[in-house]
Amino acid sequence: MSFNINDTRADFPILSQKVNGKPLVYFDNGATSQKPQVVIDAISNYYQEINANIHRGVHTLSQLATDAYEESRKKIQTHINAEFDHEVIFTSGTTQSINLVTNGFASLLQEGDEVMVSALEHHSNIVPWQMLCERTGATLKVIPMNEKGELIMADYDKLLSDKTRIVAVNHISNALGTVNPIKYMIDKAHEAGAAILIDGAQAVPHLKPDVQALDCDFYAFSGHKMCGPTGTGILYGKEDWLNKLPPYQGGGEMIKEVTFEKTTYADLPHKFEAGTPHIAGGIVLGTAIDYMNSVGFDNIQQQENELLAYGTARLLEIEGLKIYGTAKEKTSVISFNIEGIHPYDIGTIIDKLGIAVRTGHHCAQPIMNFFKIPGTIRASFSFYNTKEEIDIFVEAVKKAQQMLS
Ligand code: C6P
């Protein structure tokens with residue numbers, strides 16, 4: 001599949017915008033990706049043509065909306081290579097996907113059990129597990145990392161034991177871009193008799209996870225980081241695990257039968273999908289996945305790897321600049337600081353020059369504590385970014401440095 005950057009950029013109307021009078025340079029893709037025209041159109045087409053509630057009405061529109069929603073579920077199943085479509089649960093995002101699992105595990109854990117997360121996690125993959133430990137008396141263990149921002153596998157091996165009930169680790173770190181050795185971690189967790197959840201929020205914009213080949217028990221991700229709408233997400237879970245977990249929320253759609261004496265629950269996936277979902281979002285997440293596949297993940301990775309190499313080299317020209325996160329395996333995220341300057345100040349100045357980056361702790365405070373810094377400037381590139389944009393960005397950072405020194 002050939003890749004033409006100009007054609008690809010033309011798919012994203014927002015990229016031709018000016019911000020603060022300057023052409024937009026959008027390097028905050030780790031926070032959320034931009035949306036191609038096909039996705040924007042699909043949202044408005046849904047509301048113009050088939051808007052209705054799903055799984056409820058016999059009327060034509062309801063059936064059309066239900067079919068589109070379920071087709072999207074199948075598309076996502078194929079995309080991540082899940083064995084069954086009912087292993088694909090629609091959620092509002094990675095955060096909700098993880099909370100669904102931690103809530104379910106509350107009925108499975110007791111004092112003396114251990115739950116393991118890593119030093120590289122986003123707060124969404126820390127706090128719900130801490131809350132679970134508070135509820136159940138289980139203990140939270142943390143896999144440490146080294147100065148490069150890589151998890152230390154020798155320590156992981158030592159921490160695993162017959163007390164470990166579940167390991168929760170991200171596929172790719174949002175703050176540093178580290179790609180974790182998740183296949184190794186999944187196999188080791190299973191050897192110890194533990195389940196494992198992978199937070200794939202930062203992975204799905206860059207690669208196609210194969211949940212069967214990985215053999216993970218749960219894989220959580222958000223739609224909005226992969227060209228889809230906000231408020232959409234997926235929890236993949238192995239059928240056996242999803243059957244074992246109790247429902248997350250009670251309400252319409254998740255029941256078989258309700259009486260005041262007793263309620264029985266619907267089969268998968270509906271057991272976990274109480275209430276009217278984000279129907280348009282769920283359908284259009286399928287459109288976004290089609291779009292990403294049409295660009296091609298090989299092309300996406302090639303473009304992003306080039307941007308990472310170029311961006312790293314160009315930024316290192318700047319005196320006093322330090323990059324945090326130098327793992328051997330990393331994606332197109334560059335987190336950095338400049339000596340003596342607060343990241344927020346750089347972010348504010350370059351925003352005036354039309355450049356969008358994220359500054360701060362990136363919802364990963366333990367990583368910042370590890371490096372003893374308040375935060376970083378994070379440039380996260382997508383396949384629709386260019387080297388020319390990196391040049392503009394580097395010049396802007398240099399200018400900010402001059403102004404602030
Ligand atoms: N990270 C970032 O700027 P939600 O908000 O539910 O869509 O995703 C939460 C989440 C979970 N795990 C990882 C690894 C993430 O990166 C994120 C979201 C964004 O880095 C917004 S804080």
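Read-outs throughout are calculated quantities, based only on the coordinates presented, and are distinct from any laboratory measurement. Please read all numbers here as calculations on a predicted model, not as lab measurements. Positions of Cβ are generated from backbone atoms using ideal geometry, with glycine treated the same way; all protein chains shown enter the neighbour counts.
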Exercise for the section: Evaluate Rg over Rh across region 157-274, taking Cα atoms for both radii and Kirkwood's formula for Rh. Expected result: 1.04
Exercise for the section: Please state, rounded to one decimal and in Å, the Kirkwood hydrodynamic radius that region 1-55 gives when every pair of distinct Cα atoms enters the mean of 1/r. Expected result: 13.6 Å
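Rank these for me by crowding, THR386, THR312, going from fewest to most other beta carbons within 10 Å.
Values: THR386 19, THR312 16.
Listed from fewest to most nearby Cβ atoms, that is THR312, THR386.
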Handout entry: Mean ellipticity per residue at 222 nm, deg cm²/dmol - from DSSP H runs of n ≥ 4 across the chain, formula -39500 (n - 2.57)
Key = -11500 deg cm²/dmol
Fill in the blank from the handout: Residues other than LYS141 with Cβ under 14 Å of its Cβ, Lys/Arg counted +1 and Asp/Glu -1, net out at -2
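So if the hydrodynamic radius of the chain is defined as the Kirkwood radius over C-alpha pairs, what does Stokes-Einstein give as its diffusion coefficient at 4 °C and 1.567 mPa s, in µm² per second?
Translational D for this selection: 58 µm²/s.
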Problem - Compactness index (Cα Rg / 2.2 N^0.38 Å), region 21-96 - result: 1.42
Problem - Orientation-averaged projected area, Cα convex hull of region 293-405 (nm²) - result: 7.4 nm²
Problem - Spherically averaged projected area of region 227-350 from its Cα convex hull (nm²) - result: 13.0 nm²
Exercise for the section: Evaluate the charge dipole of the chain about its Cα centre and quote only its size in Debye, nearest 20, assuming +1 on the Cβ of each Lys and Arg and -1 on the Cβ of each Asp and Glu. Expected result: 880 debye
Fill in the blank from the handout: Listed by chain and number, the residues whose amide H is under 5 Å from that of VAL25, excluding neighbours fewer than 5 places away on the same chain and using placed H, are ILE355, ALA356
Exercise for the section: Could you pull out every residue, at least 5 positions away or on a different chain, whose amide H is within less than 5 Å of the one on ALA195? Hs are placed 1.01 Å off N in the peptide plane, and Pro or chain starts have none. Expected result: ILE166, VAL167
Problem - Residue of PHE27, PHE371, PHE383 that the Gaussian network model of the chain assigns the largest fluctuation, springs spanning Cα pairs under 10 Å - result: PHE371
Handout entry: Long-range amide H partners of LYS141 with built H, under 5 Å
Key = VAL115, MET116, VAL117
Problem - Per-residue HN-Hα couplings for region 108-117 [Karplus 6.51, -1.76, 1.60; θ = phi - 60°; Hz; x = Gly/Pro] - result: 10, 9, 8, 3, x, 6, 10, 10, 10, 10
Fill in the blank from the handout: With DSSP loop assignment and no more than 12 other C-beta atoms within 10 Å, the GluC sites (Glu not before Pro) in region 68-104 are GLU83
Completion exercise
Calc'd 3J(HN,Hα), region 320-333, phi into Karplus 6.51 cos²θ - 1.76 cosθ + 1.60 (θ = phi - 60°), Hz, glycine/Pro = x, comes to x, 8, 10, 8, 9, x, 10, 4, 4, 9, 9, 9, 7, 10
Problem - Qualifying trypsin sites (Lys or Arg not before Pro) in region 114-197, DSSP loop, other Cβ atoms within 10 Å at most 14 - result: LYS148
Problem - Tail fraction, Cα-Cα pairs, region 124-177, threshold 18 Å, whole percent - result: 39 percent
Exercise for the section: Within region 105-169, report the GluC sites (Glu not before Pro) that DSSP leaves as loop and that have at most 13 other Cβ atoms within 10 Å. Expected result: GLU111, GLU147
